[in-house]
Amino acid sequence: MLNPSDFIQESIEGMKNTIGDKKAIIALSGGVDSSVSSVLASKAIGDNLVAVFVDHGLVREGEAEYVEKTFQDRLNLISVDASEEFLDRLEGVSDPEEKRKIIGEVFINVFERVAEDVGAEYLVQGTIAPDWIESQGNIKSHHNLALPHGLVLEIVEPIRELYKDEVRIVGSELGLPDEIINRQPFPGPGLAVRIVGPITPEKIEICRKANAIVEEEVKKEGIEDSLWQYFAVLTNTRVTGVKGDIRDYGYLVVLRMVESLDAMTAHVPELPWPMIKAISQRITAEIPEVTHVSLSVSDKPPSTIEFA
Ligand code: XMP
């Protein structure tokens, strides 16, 4: 059983020894793994750790402000709005793997520019045990990352041996807010994997609003801790509807809410029907472009949790 205060002390000592008075950088997403890693590293090397929040334009409603508000007093934080760069490169792209590839490439380019400006020699990453155990390709604990334009960073992974529940315990011990510790996972490529077909600013806005409504209503119902993830997907399907007396032709939004332990498998539980109806009514009333809401009832396998 992990003793969180011993772990924190050893982790801080370890990073002090490894990084010394050099500079390090971390990509802070606002998820629990990168948040815990950032705070640990900053306790070890202070402002020589620069935490970078990259806004790719596909984050949740209010996310950039939330991350800034939560971490500005705890970390040396830089927030980079790179949304135009990401959205330009994603224009007209429908294929999910292509979207992921582009987002990964642009992310690395943006990150390398910041790392160079900062003069970073180390990259702190929030890798946890399942990340490297499952991807059998990368089991080395000491390695470097060569970035595309020549910068090479030495990787430091403070929570590499921990599982998610242990990361949460350490996060609590570090005094991180419960909201960060118990947050549902949000995929790196963000809303790009929840928008089927080409991504446009209009579709991002629809998807973002629908996701905010799902989050609000699930929290209002008080079942957020029992679900692994709960979100809305904007499909590329148009459905006839009627709003007022006028026939309309709008988008189909799918609600996805699953229970899971590790995302390897997942199942859709019986959900409170009034909550589902309230979400559907709010989405169609508050987002004029949506005419139809449906509920996904498929488990993983055979479906994946995300739609793309
Ligand atoms: P799937 O859709 O494969 O998702 O059942 C399993 C878990 O992984 C998350 N996910 C991602 N996370 N980058 C990420 O950082 C990705 O490209 C990505 N795709 C899926 C998903 O949210 C779920 O928790």
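Remarks
- Residue within segment 295-302 that is within 13 Å of the ligand (Cβ to nearest atom) and part of a strand (DSSP E or B) present: yes
- Filter result (within 16 Å of the ligand (Cβ to nearest atom), touching a helix residue (DSSP H, G or I) at 6+ places or on another chain (Cβ under 8 Å) and part of a strand (DSSP E or B)) within segment 225-252: Tyr230, Phe231, Ala232, Val233, Leu234
- Residue match in segment 199-217 (condition: within 16 Å of the ligand (Cβ to nearest atom) and closer than 30 Å to Asn3 by Cα): no
- Pairs with Cβ under 9 Å, 6+ apart, first in segment 176-194 and more than 23 Å from Tyr251 (Cβ to Cβ) and at pLDDT 95 or above, second assigned to a loop (DSSP other than H, G, I, E, B) and away from the ligand (no atom under 16 Å from the Cβ): Leu176/Arg74
- Members of segment 253-294 found to be within 16 Å of the ligand (Cβ to nearest atom) and among the polar types (S, T, N, Q), listed by number: Ser260, Thr265
- Here Leu153, Leu191, Leu174 are screened, and the one residue that is more than 15 Å from the ligand (Cβ to nearest atom) and within 23 Å of His56 (Cα to Cα) is Leu153.
- Taken over segment 1-30, residues that are exposed (fewer than 12 other Cβ atoms within 10 Å of the Cβ) and closer than 30 Å to Gly190 by Cα amount to 0.
- The residues on offer are Asp88, Asp73, Asp33, and the sole one that is exposed (fewer than 13 other Cβ atoms within 10 Å of the Cβ) and either in contact (Cβ under 8 Å) with a residue 60 or more places away in the chain or in a helix (DSSP H, G or I) (or both) is Asp88.
- Residue in segment 113-130 that is at pLDDT below 95, out of contact with any helix residue (DSSP H, G or I) (no Cβ under 6 Å at 6 or more places or on another chain) and surrounded by fewer than 14 Cβ atoms within 10 Å (Cβ to Cβ) present: no
- In segment 171-221, the residues that are in contact with a Ser or Thr (Cβ under 8 Å, 6 or more places away or on another chain), among the small types (Gly, Ala, Ser), assigned to a loop (DSSP other than H, G, I, E, B) and within 22 Å of Ser35 (Cα to Cα): Gly188
- Every pair of residues 6+ apart whose Cβ atoms lie under 9 Å, when the first sits in segment 288-308 and is under 18 Å from Pro269 (Cα atoms) and among the basic types (Lys, Arg) while the second is within 16 Å of the ligand (Cβ to nearest atom) and in a loop (DSSP other than H, G, I, E, B): Lys300/Ser260; Lys300/Ala263; Lys300/Met264; Lys300/Thr265
The values are calculated or read from the model by the stated rules, or taken from the named source; none is laboratory data. The model shown is predicted, which means the values in this text are computed figures rather than measured ones. With ideal geometry, Cβ positions are generated from the backbone for all residues, glycine too; neighbour counts draw on all protein chains shown.
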